[in-house]
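Some notes on the structure that comes next.
FYI, it's all coordinate maths here, none of it is from the lab. Keep in mind that what you see is a predicted model, and the values were worked out from it rather than measured. Heads up, the Cβs are rebuilt from the backbone with ideal geometry, glycines too, and the neighbour counts pull from every protein chain shown.
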Amino acid sequence: MDVERTMQFILEQQAATAAKSGEHEERMATLERKMADLTTLVHLVVESHVQSRQELREFREGVEEFKTWVKESIANLQDGQAVTTEKLNALIQIVDEMIRKPRTES
């Protein structure tokens, strides 16, 4: 067995292993950066989703408040319409009585 050839072979294997190890470290660093970017993106998506849900909840509350206001407004208008109708009927009755009542000349 040739000791020099064996030593040369071992040195070549060590160099190849060191080169592969460096490639793996570079790939690992790249993967770590991409994972960090992905994690940041996921956090942004989650925050956006939470914000959207809050805005939707507030919008729904606003819609409910508006519906309540509309119902109250319609009720007030109906009450006012009833009073107006009552007064108009009273006026019609007064005018009708005045027209039908025989006039007495003094």
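Values for this structure:
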| quantity | calculated |
| --- | --- |
| Size of charge dipole - the chain - debye, nearest 20, with Cβ of Lys, Arg +1 and Asp, Glu -1, no other charges | 680 debye |
| Cα Rg, Dmax, the chain, angstrom units | 45.3, 157 |
| Over the chain: helical MRE at 222 nm, DSSP H runs n ≥ 4 each giving -39500 (n - 2.57), nearest 500 | -35500 deg cm²/dmol |
| Leading residue at positive end of dipole, the chain (Cβ point charges), from Thr85, Leu11, Ala29 | Thr85 |
| Tail weight of P(r) past 16 Å, computed on alpha-carbon pairs of segment 1-48, percent | 62 percent |
| On Cα atoms only, tilt of 3-100 relative to the major axis of the chain in degrees | 0 degrees |
| Virtual spin-label span in nm between Glu12 and Ser48, 7 Å along Cα→Cβ | 5.4 nm |
| Approximate shape of segment 52-91 as ellipsoid semi-axes (Cα gyration tensor, √5λ), whole Å, largest first | 38, 4, 4 |
